[in-house]
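Presented below is the structure to which this report refers.
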Amino acid sequence: MHMRLTALVLAIILALPYQPSQARKVKKFVHQTVAVPQVEKKVIPIETNNTSLVLLVHQNGQLETAHYGAPISHPEQFLGAGVNTEDYNGFRGASYPATGGRYIGEPALHVKYADGTHNTELYYVSHQVTSREGCVTTAIDLKDYVTELQVRLVYDAYLAEDVLVQHTEILNGGKAPVQLLNYASSSLYLDADDYLLTHFYGAWATDMQMESEVLGHDMKVIESRRGTQATQGNNPSFLLSLNTREFSETSGEVVAGALAWSGNFRLSFEKDDAHRLNVLAGISPFSSAYPLAAGNTFVTPEMIYTYSFSGAGGASRNLHRWARKYGVYGGGKVNPTLLNSWEGAYFTFTTETLLRMMDDAAGMGLEMFVLDDGWFGNDYPRNNDDAGLGDWEVNVSKLPEGIEYLASHAHSKGLKFGIWIEPEMVNPRSNLAQAHPEWVVQSPGREIYQGRNQWVLDLSNPAVEDFVFGIFDRTMQLAPGIDYIKWDCNRVVQSFGSPYLEADQDKFFVDYCQGLYNVMRRIREKYPQVIVQCCSSGGGRVDYGALKYCNEVWTSDNTDGLSRVYMQYATSLIYPACIMGSHVSTVPNHQTGNVTPLKFRFDVACAGRLGLELQPKYFTEQDRITVDRCIASYKQYRDLVFGGDLYRLASPYDGSYYGLMYVSPDKRRAVVFTYCIHFEPRTVGGKVFRLQGLDSQLSYSVVEQNVDNSCWWGNSSTFTGDFLMNGGFNPTLYGLYTSAVFLLEAR
Ligand code: GLA
């Protein structure tokens, strides 16, 4: 009986029609399409003196990158080109590809609308061209053909430098908020047989290591998710050698680019099935689906790129010329030589220690003294790195006479005075951490991890912006005539989150970086003259975003002469020498243990902004002869380092020698640096360096610096530019870490 009942119940259940408990009811609707607006076909040429980017507007409004490279005299010839409607991969060559429509590649723009949909198809609306001295700006307005999403692509073409600077403005013209899932600054479409990508990776004390690879199909991504110290892992820059698998300093077509952003970034290189390459550059979308309210505009950071027809060297010179004139705060101006207290004194000093260091600095002919970490904190004195950050008052037991006393001593010796701060950070052992726990970057209920015993302050919070600005401002008031601030930032963001942003956590990474720039902008309004060094455990913030406000960077915490050769070489591929803080330190080197001759260390440091970072009282008399000579000669030629054109003569990655030279714009003066970085026996005969960038018809006197006996047979004689450039210059650099610096002057 029981069995029969069970069978009956089962039979009834099976007979019932399936009804999901929460079935979605799709409303009956008729699919209505909006017609894609038709526009007049046109070309938009964006030209510099030696390059041309041609954008093509198709009849259906699509904007395509038709060409980037050599100038094209009549770009309207592109008008005949059609759209490939057989293109299953979407719209190849789109100048700013958006997710949706036919496009299925990596998007520059990906918008999620309030109704949950993801399709955007941009069509051309209009464009305007304006100009100012040396620069022509083309702004192109695009619009989605269904929603009210609008995009403005802005290209600044720097004529003489052959540099394009692009940014994008995204306007939510609709009535509901949208979310930006991808929002690149730029998209660059290239067409070549091969692409050799050169980029830069690193870690603390091994900043800016160069790496090259031939791009295969699909995607290569270079990204930072570090929040702060964004460039210590990867740098937001690259070079692409086209139609080759070899890196060349002097020949071939090279596109180089750098993103001006100090936060999370993403560069992607997507090689499609037609072997064409789409390069996207912008803020990393990692945890940053940015909400854009109705009526608001999001402005992306700028992407800077150039096209060279003379290898990597030409690309670097274009970027450097642009950077000195437009991209670096105070770019191209000579910054003072200095003695920095860090490696010479670390946290352990008294007023006496510092006065003695200043006296020595003045005696050596240096021009500034910089007091590094360790000068602040009383309740939590900064005697090591586990306390004091956040409490920016002068430590009265170390420096009872205060900073004013030190600065006025420096000034009385003819030295400028600089000081270190790390205003974005806080040690848990500080009054600040106790007073404002809500200012610390954190995520509810989670451990706030420490790095170097410190936490990060939440610059997405305007109150923290004010606080950070206040630190800079008050430090400037510590003494009349503070000439230089070293702004440090010694850890990455982890357990990210902002108590201030509440439910808007998606904004954290972007707003942090914008908060940093807000502070820097205020600083520059109030203190236009102060020299600011941007440091982040060395090279953790080497990018053109920070350099808009900072005169120089601390290239790396690694001051070993040999390590610096590699890092300075790689940095020079994208950034000009005027930004490179390079210091001579003691041996064995504190980071690597390596021992290199004092002159080698000087000859390396003199290729950037020269400084010393050691305790000068330990110099022997013999050392002082070298030191005084090197500093004096540097002052004779440093205008070339700061403002000349760089030519790299030999790569440290290729062999035993490294060489570079800086040439004045009129080609009448040059300084040449040469180094032996791996042992080469006397018996093999030395290295011929082919100089570059000289005037082949001019005659130059060639004088080696800082030595009694020159290592070149031709020293102090006069040679024609063509002789020097085509094979006669062969200084004998036989021994490991031998080096020589030559000054060339046209007669
Ligand atoms: C960082 C910087 C160094 C030095 C120390 C001070 O590591 O990169 O140059 O200023 O901090 O703590």
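Could you please find all residues in the stretch 711-720 being surrounded by fewer than 16 Cβ atoms within 10 Å (Cβ to Cβ) and either acidic (Asp, Glu) or closer than 25 Å to Phe602 by Cβ (or both)? Residues satisfying the conditions are Trp713, Ser716, Ser717. Among the residues of the stretch 580-634, the one identified as within 14 Å of Glu367 (Cβ to Cβ) and among the hydroxyl-bearing types (Ser, Thr, Tyr) is Tyr634.
For Ala205, the conditions (1) of a type in the set (A, V, I, L, M, F, W, C); (2) open to solvent by 40 Å² or more (accessible area, probe 1.4 Å); (3) assigned to a loop (DSSP other than H, G, I, E, B); (4) touching a residue at least 60 places away in the same chain (Cβ under 8 Å) all hold with the exception of (2). Scanning the stretch 49-62 for residues that are at pLDDT 95 or above and either open to solvent by 10 Å² or more (accessible area, probe 1.4 Å) or in contact with a helix residue (DSSP H, G or I) (Cβ under 8 Å, 6 or more places away or on another chain) (or both) gives Asn49, Asn50, Ser52, Val54, Leu56. Listed by first and then second residue, the pairs with beta-carbon distance under 6 Å, at least 6 apart or on different chains, first residue in the stretch 480-502 and closer than 14 Å to Trp439 by Cβ, second more than 16 Å from the ligand (Cβ to nearest atom) and open to solvent by 20 Å² or more (accessible area, probe 1.4 Å), are Gly497/Gln442; Gly497/Ser443; Gly497/Gln505; Pro499/Glu438; Leu501/Lys507. I'm checking my understanding of the structure. Among residues of the stretch 606-647 that are of a type in the set (Val, Ile, Thr) and outside any loop (DSSP other than H, G, I, E, B), which one is farthest from the ligand (Cβ to nearest atom)? Residue satisfying both the conditions and the ranking: Ile625. Limited to the stretch 690-710, what total is found for residues that are over 14 Å from Arg669 (Cβ atoms), within 37 Å of the chain's Cα centre (by Cα) and either of a type in the set (A, V, I, L, M) or crowded, with 17+ Cβ neighbours inside 10 Å (or both)? The total comes to 4. So, in the stretch 518-539, of the ones that are among the aliphatic types (A, V, I, L, M) and either in a helix (DSSP H, G or I) or in contact with a Lys or Arg (Cβ under 6 Å, 6 or more places away or on another chain) (or both), which residue ends up surrounded by the fewest Cβ atoms within 10 Å (Cβ to Cβ)? Across the stretch 518-539, the extreme among qualifying residues is Ile523.
Is it true that Ala435 is farther than 30 Å from Val584 by Cβ and either within 16 Å of the ligand (Cβ to nearest atom) or touching an Asp or Glu at 6+ places or on another chain (Cβ under 9 Å) (or both)? Taking the combined requirement at face value, the residue does not satisfy it. Only residues that are more than 17 Å from Tyr517 (Cβ to Cβ), among the aromatic types (Phe, Trp, Tyr) and out of contact with any strand residue (DSSP E or B) (no Cβ under 7 Å at 6 or more places or on another chain): list them for the stretch 438-468, please. Across the stretch 438-468, the qualifying residue is only Tyr449.
Tell me, please, whether a residue that is more than 16 Å from the ligand (Cβ to nearest atom) and touching a Leu at 6+ places or on another chain (Cβ under 8 Å) can be found in the stretch 491-507. Yes, that holds for at least one residue. Within the set Asp218, Asp193, the sole residue that is open to solvent by 10 Å² or more (accessible area, probe 1.4 Å) and on the phi > 0 side of the Ramachandran plot turns out to be Asp218. Number of residues in the stretch 315-353 that are within 16 Å of the ligand (Cβ to nearest atom), buried (at least 23 other Cβ atoms within 10 Å of the Cβ) and of a type in the set (A, V, I, L, M): the value is 2.
Do we have any residue at all in the stretch 540-547 that's more than 16 Å from the ligand (Cβ to nearest atom), of a type outside the set (Ser, Thr, Tyr), surrounded by 24 or more Cβ atoms within 10 Å (Cβ to Cβ) and part of a helix (DSSP H, G or I)? Checking the stretch 540-547: at least one residue is more than 16 Å from the ligand (Cβ to nearest atom), of a type outside the set (Ser, Thr, Tyr), surrounded by 24 or more Cβ atoms within 10 Å (Cβ to Cβ) and part of a helix (DSSP H, G or I).
Residue pairs whose Cβ atoms lie under 6 Å apart, sitting 6 or more positions apart in sequence or on different chains, and linking a residue in the stretch 728-747 that is among the basic types (Lys, Arg) to a partner that is open to solvent by 50 Å² or more (accessible area, probe 1.4 Å) and outside any loop (DSSP other than H, G, I, E, B), are Arg747/Thr718.
Taken together, Gly481, Gly497 contain a single residue that is modelled with pLDDT under 95 and surrounded by fewer than 20 Cβ atoms within 10 Å (Cβ to Cβ), which is Gly481.
Among residues of the stretch 287-312 that are among the polar types (S, T, N, Q), those with a beta-carbon under 6 Å from a residue that is open to solvent by less than 40 Å² (accessible area, probe 1.4 Å) and part of a loop (DSSP other than H, G, I, E, B) at least six positions away or on a different chain give the pairs Thr306/Asp162. The criterion of being in a strand (DSSP E or B), surrounded by 20 or more Cβ atoms within 10 Å (Cβ to Cβ), of a type in the set (S, T, N, Q) and touching a residue at least 12 places away in the same chain (Cβ under 8 Å) does not hold for Thr120.
Listed here are the residues, each with its yes/no results for (1) open to solvent by less than 10 Å² (accessible area, probe 1.4 Å); (2) away from the ligand (no atom under 16 Å from the Cβ).
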| site | (1), (2) |
| --- | --- |
| Gly313 | yes, yes |
| Asp360 | no, yes |
| Ala387 | yes, no |
| Ile403 | yes, yes |
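Restricting attention to the stretch 164-177, the residues being in a strand (DSSP E or B) and open to solvent by 10 Å² or more (accessible area, probe 1.4 Å) number 3. Screening Ser397 on (1) surrounded by 22 or more Cβ atoms within 10 Å (Cβ to Cβ); (2) more than 14 Å from the ligand (Cβ to nearest atom) shows it passes everything except condition (1).
Let's see how each residue does on (1) under 26 Å from Ile625 (Cβ atoms); (2) small (Gly, Ala, Ser); (3) in contact (Cβ under 8 Å) with a residue 12 or more places away in the chain:
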residue	(1), (2), (3)
Leu649	no, no, yes
Gly655	no, yes, yes
Phe673	yes, no, yes
Leu691	no, no, yes
Gln697	no, no, yes
Ser716	yes, yes, yes
Phe719	no, no, yes
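For the stretch 440-480, the set of residues classified as closer than 17 Å to Ile421 by Cβ, away from the ligand (no atom under 16 Å from the Cβ) and among the charged types (D, E, K, R) consists of Glu465, Asp466, Asp473, Arg474, listed by residue number. Whether any residue in the stretch 439-462 is surrounded by 21 or more Cβ atoms within 10 Å (Cβ to Cβ), in contact (Cβ under 8 Å) with a residue 40 or more places away in the chain and among the charged types (D, E, K, R) is what I want to check. Checked against the condition, which is being surrounded by 21 or more Cβ atoms within 10 Å (Cβ to Cβ), in contact (Cβ under 8 Å) with a residue 40 or more places away in the chain and among the charged types (D, E, K, R), the stretch 439-462 yields at least one hit. Taken across the stretch 366-383, residues that are within 16 Å of the ligand (Cβ to nearest atom), without any contact (Cβ under 8 Å) to a residue 40 or more places away in the chain, closer than 30 Å to Leu432 by Cβ and open to solvent by 10 Å² or more (accessible area, probe 1.4 Å) do occur, with at least one present.
In this structure, Thr297 does not qualify as surrounded by fewer than 21 Cβ atoms within 10 Å (Cβ to Cβ) and closer than 30 Å to Thr626 by Cα.
The values are calculated or read from the model by the stated rules, or taken from the named source; none is laboratory data. Quick caveat: nothing in here was measured; it's all calculated off a predicted structure. Please note: Cβ atoms are built from the backbone with ideal geometry, for glycine as well, and neighbour counts cover all protein chains shown. Quick note on the areas: whole protein, heavy atoms, side chains included, nothing else; ligands and nucleic acids left out. Shrake-Rupley method; radii C 1.70, N 1.55, O 1.52, S 1.80 Å.
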